[in-house]
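As structure tokens, the structure follows; a few thoughts come after it.
The values are calculated or read from the model by the stated rules, or taken from the named source; none is laboratory data. Just so it is clear, the model here is predicted, and its values are computed rather than measured. Here Cβ is always computed from backbone atoms with ideal geometry, including for glycine, and neighbour counts include all displayed protein chains. Please note that ligands, DNA and RNA were not included when accessible areas were found on the heavy atoms of the full protein model with its side chains. Shrake-Rupley method; radii C 1.70, N 1.55, O 1.52, S 1.80 Å.
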Amino acid sequence: MAENNAQNKAKLISETRRRFEAEYVTDKSEKYDPRDVERLQQDDNWVESYLVWRHNVVDETLKMLDESFQWRKEFSVNDLNESSIPRWLLEIGGIYLHGYDKEGNKLFWIRVKYHIKDQKTILDKKKLIAFWLERYAKRENGKPITVMFDLSETGLNSIDMDFVRFIINCFKVYYPKYLSKIVIFDMPWIMNAAFKIVKSWLGPEAVSFLKFTSKNEVQDYVSVEYLPPHMGGTDPFKYSYPPLVDDDFQTPLCENGPIASEDETSSKEDIEIDGKETLETISNEEQTTLLKKINPAESIPKAEENEKVDSKMKTFKKPLSVFKGPLLHISPAEELYFGSTESGEKKTLIVLTNITKNIVAFKVRTTAPEKYRVKPSNSSCDPGASVDIVVSPHGGLTVSAQDRFLIMAAEMEQSSGTGPAELTQFWKEVPRNKVMEHRLRCHTVESNKPNTLTLKDSALNMSDKTSEDIYLQFATSRCARDCSPP
């Protein structure tokens, strides 16, 4: 049965490609972007998305492709980027991607109160919708999206039926299969007539996508952690631009995960760049070894020495603040502190502690992947164990308060492997609603206010220090920071 379905699907895809090329491209090639035509011949999922939306009726699918491709060329969708959108429109925060619904679908926010009907700006607003949807489609090929139509504090001057119809068409024609549902929040009664028209545009089959909600019902679809306070939620997110909202996290410049050779290469590069070694210990065993080398003359019994060293290193690394998540405790809780420009950019530390009974896989992503080295950025943490993640600016690039980091974590089955291949497969298959996420901001510390989480002692300077000296320096710097006036 499954084999027959696969064969039928392949035949439909092949027929759609052949007929579109013969019946449309030959006569209308100038109306399409060649990149879309080429993609249609190569991307089975893309062809299938149109077929499924048209119930596998090839004639209807071809008409839909024709309309969609002409629109894509008219709006130059393949070339849309931030510079294509007026800056004020990005700054106002009326349209953006952020958070997930209870099914793990991305939330596409449309804050209607920021929209004023204006023929002079309507094209730019449509381009902004297309920009976000195309951006999402390229990253999350085929994953549905939930539209959050927030009508709170909205008046009649904000309702633009032409704009609403465009948004509907985006999902009916231009991005088929991407719509999970449209959650309409706090719709004023005076707009009932307008949304009867919207229902007619969607058609009888798609009307079920509309979910009219108030503060009580909206939590049926989105949990409080991704709802703003005016919807009864607890999400502290506040839109700001630039940069684009921080959901667009990417792999850092150096992916130093569980592959040992990569870590060794990176360490050598660090020595060449910095001219010194930094305190980049990854495990308690390595920390103990380092302190033994620093204090070769100590005549303390081995067990007692290990106990004292381990205790002092834990004190040295005591976090200033801790975010207590369901899988991991993360330190610091909110901000990564880096050294000031005057003193040179310093490395900083993220500490993850697994509080579960299973192995937890984690990934680190950033909004500025070209700027930072992170190691490890893709690895796992054993039950009850802690992992230190070293974050360092690359070369002479400057830390910005607008940079963000994302920690993603998910529990693994006890039988799962934790090598690079197994982790890659795990992240492909793990459901979104099983993934814990936590965001960190970046902060530059003034030179007269050192921060305890900034790694600043080189091996050259540490050679004449005891572990007691390290602890005293830590305590002194913390006191100076805590006791200094705000």
Inset, instruction - Take segment 402-428 and flag every residue that is under 12 Å from the mean Cα position of the chain (by Cα) and charged (D, E, K, R). - result: 404
Inset, instruction - Scan segment 420-448 for residues that are open to solvent by less than 20 Å² (accessible area, probe 1.4 Å) and outside any helix (DSSP H, G or I) and report the count. - result: 4
Inset, instruction - Return a yes/no flag: does segment 15-28 have any residue that is in a helix (DSSP H, G or I), at pLDDT below 95 and closer than 24 Å to residue 180 by Cα. - result: no
Inset, instruction - Could you look through segment 416-447, keep only residues that are among the charged types (D, E, K, R) and within 26 Å of residue 367 (Cβ to Cβ), and pick out the one that is modelled with the lowest pLDDT? - result: 446
Legend entry - Criterion: in a helix (DSSP H, G or I), open to solvent by 10 Å² or more (accessible area, probe 1.4 Å) and farther than 25 Å from residue 243 by Cβ - qualifying residue of 118, 124, 59: 59
Inset, instruction - State whether one or more residues within segment 129-137 are within 22 Å of residue 86 (Cβ to Cβ), touching a strand residue (DSSP E or B) at 6+ places or on another chain (Cβ under 7 Å) and charged (D, E, K, R). - result: no
Inset, instruction - Kindly provide the set of residues from segment 198-225 that are in a loop (DSSP other than H, G, I, E, B), within 24 Å of residue 165 (Cβ to Cβ) and modelled with pLDDT under 90, ordered by number. - result: 203, 204, 205, 206
Legend entry - segment 98-112 - residue that is of a type outside the set (S, T, N, Q) and in a loop (DSSP other than H, G, I, E, B) and, of those, surrounded by the most Cβ atoms within 10 Å (Cβ to Cβ): 101
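Matching residues to (1) open to solvent by 10 Å² or more (accessible area, probe 1.4 Å); (2) modelled with pLDDT of 75 or more; (3) among the aromatic types (Phe, Trp, Tyr); (4) not in a loop (DSSP other than H, G, I, E, B):
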position	(1), (2), (3), (4)
129	no, yes, no, yes
149	yes, yes, yes, yes
153	yes, yes, no, no
157	yes, yes, no, yes
164	yes, yes, no, yes
169	yes, yes, no, yes
180	yes, yes, no, yes
183	no, yes, no, yes
Legend entry - Residue under evaluation residue 68, criteria (1) touching a residue at least 12 places away in the same chain (Cβ under 8 Å); (2) loosely packed, with under 15 Cβ neighbours inside 10 Å; (3) of a type in the set (S, T, N, Q), criterion not met: (2)
Legend entry - Residue list for segment 1-41, restricted to those being surrounded by 14 or more Cβ atoms within 10 Å (Cβ to Cβ), among the hydroxyl-bearing types (Ser, Thr, Tyr) and more than 38 Å from the chain's Cα centre (by Cα): 24
Inset, instruction - Residue by residue through segment 185-225, note down the ones that are in contact with an Asp or Glu (Cβ under 9 Å, 6 or more places away or on another chain) and open to solvent by 30 Å² or more (accessible area, probe 1.4 Å). - result: 186, 211, 214, 215, 221, 223, 224, 225
Inset, instruction - Sort out which residues of segment 358-386 are of a type in the set (Val, Ile, Thr) and either modelled with pLDDT under 90 or open to solvent by 20 Å² or more (accessible area, probe 1.4 Å) (or both), and write them in order of number. - result: 359, 366, 367
Legend entry - Which numbered condition residue 459 misses (of (1) at pLDDT below 75; (2) crowded, with 19+ Cβ neighbours inside 10 Å): (2)
Inset, instruction - Could you list all residues from segment 71-88 that are touching an Asp or Glu at 6+ places or on another chain (Cβ under 6 Å), in a helix (DSSP H, G or I) and open to solvent by less than 60 Å² (accessible area, probe 1.4 Å)? - result: 72, 77, 78
